[in-house]
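The values are calculated or read from the model by the stated rules, or taken from the named source; none is laboratory data. The shown structure was predicted, so the numbers you read here are calculated from the model rather than taken from an experiment. All Cβ positions, glycine included, derive from the backbone under ideal geometry; neighbour counts span all protein chains shown. Surface areas here come from the heavy atoms of the whole protein model, side chains and all, with no ligands, DNA or RNA. Shrake-Rupley method; radii C 1.70, N 1.55, O 1.52, S 1.80 Å.
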Amino acid sequence: MAFRILGIETSCDETSAAVVQFSNLSDIKVLSDVTARQEEIHERFGGIVPELASRRHLESLLPVVRHAIEKSGLKYSDLSAISVTTKPGLIGSLLIGVNGAKTLCYSLNIPLISINHLEAHLSAILLEEPAIELPALGLIVSGGHTSLYKISDSWSKFSALAHTRDDAAGEAFDKGARLLGLPYPGGPQISKLAEDGNPSAIEFPRSLPGKTNIEFSFSGLKTSLSNYLAKNPEPNLSDLSASFQEAIVDSLVEKTKNAIQLTGMKTVVVAGGVAANNRLREKMEARLKGKAKVFFPSMQFCTDNGAMVAAAGVVKFLEKDFISGPDLFHTEVAPKTEARARKGKVL
Ligand code: KG4
Ligand code: ZN
């Protein structure tokens, strides 16, 4: 029997909705995936302005959902459930998507599925590689998070192994770009400039070294860039971008390698906006060769999208982990991430 889930994502600055069809975890088909971006609103501020993000979600949500349904060739009444990101994220942004999803579920009399955004990023891989062997190590690299997770024996069992102590990898790209006078989001800008640069031109620090450390830290790198710019006001932007990017990529790869060694896991899934970075994709594959198999979602499923929320929804739907009737009212949003994992402890 085929089921259909509408996935809705509004936790940050993308309003996205997607429809997937499936009968089990290995045959998920994306029927539509529609995203309205907000870069033009936030780029001049060098980062996301939460109030502006919520207002734009409010304008975009209904047209984006309608478009996703139309593109899927289905009707609202064909939906089996709706999954929506309820945490973590910007509170105003989350509330728009969650209230839209609750209302639709109530009026269609179908269940709601509450989704953790970070788990959704990792679950995006199910859209393309459903047969991945578990347990797997999950590296989430986005604008708000940089964390290592263990996905144990099912796609609903995630446990945090380590987080960043300060900035996220995407945040490092974004703040670095701001120091270089480049618009938000900084990751794609820096990686474009880096294409013609020498990654070893400038020596930037790799924080928290050592073979047993799996925590991340990027704020020192940002200070280093700022100090470099103070001493070199007219830098070679390509070399600088390539060297800055290399420091972020090296840290991500080294910590992942350490985590593989410490846990003995043989599969790695890398997800989140920074997973779209070509240098990270190349270097992760090369450095983990013979140690672990590495999976990246294709580019369109790396940055925030409704299809990954729908994919995470499929897992919970099949486990009957959903909410309906008056309980819909009590579905809450949780803007903050779960309690931080204990200092680099491997669970
Ligand atoms: O996952 P995402 O779309 O949103 C969050 O959940 O945060 O990630 C956005 C982040 C931004 O910080 C952006 O600069 C970064 O992903 N990003 C990249 C690339 N594309 C997006 N960073 C490095 N290289 C890229 N190609
Ligand atoms: Zn994200």
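Would you please give the residues with an amide H less than 5 Å from that of PHE216, counting only those at least 5 places away or on a separate chain, with H modeled from the backbone geometry?
Hits under the 5 Å cutoff: HIS163, THR164, ARG165.
Any idea what angle helix 50-72 forms with the longest principal axis of the chain, computed on alpha-carbon atoms, 0 to 90 degrees, nearest 10?
60
What whole-number volume per residue, in cubic angstrom, does the convex hull of the C-alpha atoms of segment 133-296 give?
Working: hull volume 16.2 nm³, N = 164.
Considering the Cα atoms of segment 133-296, their hull volume per residue is 99 Å³.
Counting only protein heavy atoms and using a 1.4 Å probe, what share of the accessible area of the chain belongs to carbon plus sulfur, as a whole percent?
Details: 7720 of 14980 Å².
Of all accessible area on the chain, carbon and sulfur atoms account for 52 percent.
Sort segment 66-133 into rounded, prolate or oblate with this rule: let a ≥ b ≥ c be the square roots of the eigenvalues of the Cα gyration tensor; rounded if a/c is under 1.5, and if a/c is not under 1.5, prolate when a/b is larger than b/c, oblate otherwise. Present the calculation step by step, with values, prior to reporting the outcome.
Details: a/c = 2.00, a/b = 1.16, b/c = 1.72.
Oblate.
I want to check the label-to-label distance for LEU179 and ARG206. Put each point 7 Å from Cα in the C-beta direction and report it in nm to one decimal.
Taking the two extended label points, one gets 1.9 nm.
What number, in percent, do you get for the relative contact order of the chain if the mean sequence gap of Cα pairs under 8 Å and at least 6 apart is divided by its residue count?
25
For labels at ASP321 and LYS29 in the simple 7 Å Cα→Cβ model, what's the distance in nm?
For the pair ASP321/LYS29, the computed spacing is 2.7 nm.
If amide H atoms are built 1.01 Å from N in the plane of the peptide, which residues on other chains or at least 5 residues away come under 5 Å of the amide H of SER83?
Sorted by chain and number, the residues that satisfy this are LEU6, GLY7, ILE8, ILE113.
Please report the antiparallel percentage of DSSP beta bridges with both residues in the chain, rounded to the nearest 5. Before the final figure, lay out the partial values.
On the way: 26 of 43 bridges.
The antiparallel fraction comes to roughly 60 percent.
Excluding ligands, DNA and RNA, what is the solvent-accessible area per residue of the chain at a probe of 1.4 Å, expressed in Å²?
Numbers: 14980 Å² over 347 residues.
Accessible area per residue, the chain: 43 Å².
Per residue of segment 122-136, what does 6.51 cos²θ - 1.76 cosθ + 1.60 with θ = phi - 60° give for ³J(HN,Hα)? Whole Hz please, x for Gly and Pro, Karplus curve as stated.
5, 5, 3, 5, 5, 5, 10, 10, x, 8, 4, 6, 10, x, 9
Taking the simple approach of a point 7 Å from Cα along Cα-to-Cβ for both ALA286 and LEU134, what is their distance in nm?
3.3
Calculate how steeply helix 237-263 sits against the longest principal axis of the alpha-carbon atoms of the chain, using the helix alpha-carbon long axis, and give the answer as 0 to 90 degrees to the nearest 10.
That works out to roughly 70 degrees.
Which is the longest part of the chain that has none of the GluC sites (Glu not before Pro) sitting in a DSSP loop with at most 12 other Cβ atoms within 10 Å?
Details: sites that count: GLU133, GLU195, GLU203, GLU319, GLU332.
Of all site-free stretches, the longest is 1-132.
In whole Hz, what ³J(HN,Hα) sequence does segment 166-172 give by Karplus (6.51, -1.76, 1.60; θ = phi - 60°), x for Gly and Pro?
9, 6, 7, 4, x, 5, 4
Full-extension gain between LYS336 and ALA2, please, as 0.36 nm times their residue separation minus the C-alpha to C-alpha distance. Spell out each step's value before the answer.
On the way: separation 334, 0.36 × 334 = 120.24 nm, distance 3.49 nm.
That pair, LYS336 and ALA2, stretches by 116.7 nm at full extension.
Report the gain in length on full extension from THR263 to ASN236: 0.36 nm times residue separation, minus Cα-Cα distance, nm rounded to one decimal. Mind dumping the intermediate values first?
Values: separation 27, 0.36 × 27 = 9.72 nm, distance 4.08 nm.
Length gained, THR263 through ASN236: 5.6 nm.
Relative contact order for segment 73-210: what is it in percent, counting Cα pairs under 8 Å that are at least 6 residues apart? Write out the running numbers ahead of the final one.
Numbers: 162 pairs, mean separation 18.4, N = 138.
This gives 13 percent for segment 73-210.
If you fit an axis through the alpha-carbon atoms of helix 306-318 and take the longest principal axis of the Cα set of the chain, what angle between them do you get, 0 to 90°, nearest 10?
Here the helix axis deviates by roughly 60 degrees.
Which of LYS87/LYS316; LYS255/LYS336; LYS29/LYS71; LYS255/LYS293 have a Cα-Cα distance over 18 Å? Mind dumping the intermediate values first?
Working: LYS87/LYS316 15 Å; LYS255/LYS336 24 Å; LYS29/LYS71 13 Å; LYS255/LYS293 16 Å.
Beyond 18 Å between Cα atoms: LYS255/LYS336.
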